[in-house]
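One structure is given below, encoded as structure tokens.
Every number in this text was worked out from the coordinates using simple rules, so none of it is lab data. Predicted, not measured: the structure shown is a model, and the values here were computed from it.
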Amino acid sequence: MNDWSAIYRSVFPDLIRFLHRKVWDEERARDLAQEAFVRALREEPEKPRPFLFAVAANLARDEARTVIRRRRHLALLQGGLEEASPADLEGEMVRAERGSRVREALECLRERDREVLLLWDGGMSYGEIAAETRLARGAVGTTLARARKRLVDAYEQGARDRAARS
């Protein structure tokens, strides 16, 4: 059984920082971090920290899609999409799509690679990653470099697969 109060104290600030980089709103980042913890409490994952970051990434992606839908709706209410900045809407759609493709590529990785990448992206130091994953501190950099390479390969393979289906 996990000590959720200790996990909350140690992970919550990193989770907020991670989410803030995704949604650019401190209050919304806090709300999403709390939602990630609610889901983790329901699931009782074996490795709570990587689980929390994965859930947070999904919540941030969903948030981006919601923002895009709201802006489109608002533009329609204000007289049509021509009044909204098409470049802004298109940019947000591209970012949301890219985020979805990155998530798909992450799902193709082995658990260890995904965990190391998510922890690093969450702002953890090599020492913290080593402690969390039980890797030797000197192996974190190598594992991270290989995981990045595999992520890029999976991302590019996904792009090739989508192009072949088109």
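Calculated mean residue ellipticity at 222 nm for the chain: -29000 deg cm²/dmol, from DSSP H runs with n ≥ 4 weighted as -39500 (n - 2.57), summed, divided by the residue count and rounded to 500. Axis angle, to the nearest 10 degrees, between helix 111-121 and the longest C-alpha principal axis of the chain: 70 degrees.
Computed from Cα atoms alone, the Kirkwood hydrodynamic radius reported for the stretch 4-165 is 17.3 Å.
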